[in-house]
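Structure first, commentary second.
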Amino acid sequence: MTVLKLNTLFVLLLLAQLGCVSGSDLYVGDHLTECVGVGPRSCTLTRTSPTGEWLLAYDGIEDFEYQWGYEYHLLISESSVSNPPADGSSIKQSLVEIVEKKKVSGPFDIQISFPSSLTKSGDSYKVFGRSLTCKADNCDELDTFLSSSEELTLVLEHPHRILIH
């Protein structure tokens with residue numbers, strides 16, 4: 001009788017391990033945005049429901065490769081981080097499954113407050129490390145922003161074409 005109970009318990013545990021993937025829903029936005037941790041940097045936009053408020057995600061998701069221009073519905077697992085760094089999260093997120101990956105078309109706005117988020121090398125511009133092409137009449141405005149401390153709104157079109165408003 002005891003052997004039967006142990007075998008049943010083992011089978012139930014095995015089925016739970018193999019058949020049921022548990023996790024939390026996480027929705028990831030189609031572009032990065034500015035945020036400030038120790039200094040200015042880029043963050044992903046995430047929310048826990050399809051219509052919830054966007055929140056800044058400072059840390060990445062283990063095993064997830066983010067691509068600009070796509071919205072994601074993910075299933076993630078969360079675990080505690082022992083002794084997290086002072087500027088890091090105490091929760092580690094890991095990808096369980098990509099439930100949906102949807103390409104987004106059309107323009108979207110990015111507020112740029114820190115010139116370090118936008119860089120120029122020669123005639124090439126980058127925002128959050130991604131190469132951008134600007135319309136000829138807008139390149140001068142980007143140069144002006146880089147030498148000032150004013151805020152700038154970029155309207156990006158996929159694949160990453162800059163329009164300035």
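The values are calculated or read from the model by the stated rules, or taken from the named source; none is laboratory data. Here the structure is a predicted model, which means the values were calculated and not measured. Ideal geometry is used to build each Cβ from the backbone, glycine not excepted, and the neighbour counts take in all protein chains shown.
Things worth noting here:
- Flag if Lys120 is surrounded by fewer than 16 Cβ atoms within 10 Å (Cβ to Cβ), touching a Phe, Trp or Tyr at 6+ places or on another chain (Cβ under 9 Å) and either at pLDDT below 70 or assigned to a strand (DSSP E or B) (or both): no
- Just one of (1) at pLDDT below 85; (2) assigned by TED's automatic domain parsing to the domain that holds Glu34 fails for Ser113. It is (2).
- Selection within segment 58-72 - surrounded by 12 or more Cβ atoms within 10 Å (Cβ to Cβ) and closer than 13 Å to His31 by Cβ: Tyr66, Trp68, Gly69, Tyr70, Glu71, Tyr72
- Of the candidates Leu45, Leu55, the single residue that is surrounded by 15 or more Cβ atoms within 10 Å (Cβ to Cβ), modelled with pLDDT of 80 or more and of a type outside the set (Phe, Trp, Tyr) is Leu45.
- Those residues of segment 73-96 which are assigned to a loop (DSSP other than H, G, I, E, B) and either free of Cβ contacts under 8 Å to residues at least 40 places away in the same chain or in contact with a helix residue (DSSP H, G or I) (Cβ under 6 Å, 6 or more places away or on another chain) (or both), in sequence order: Val81, Ser82, Asn83, Pro84, Pro85, Ala86, Gly88, Ser89, Ser90
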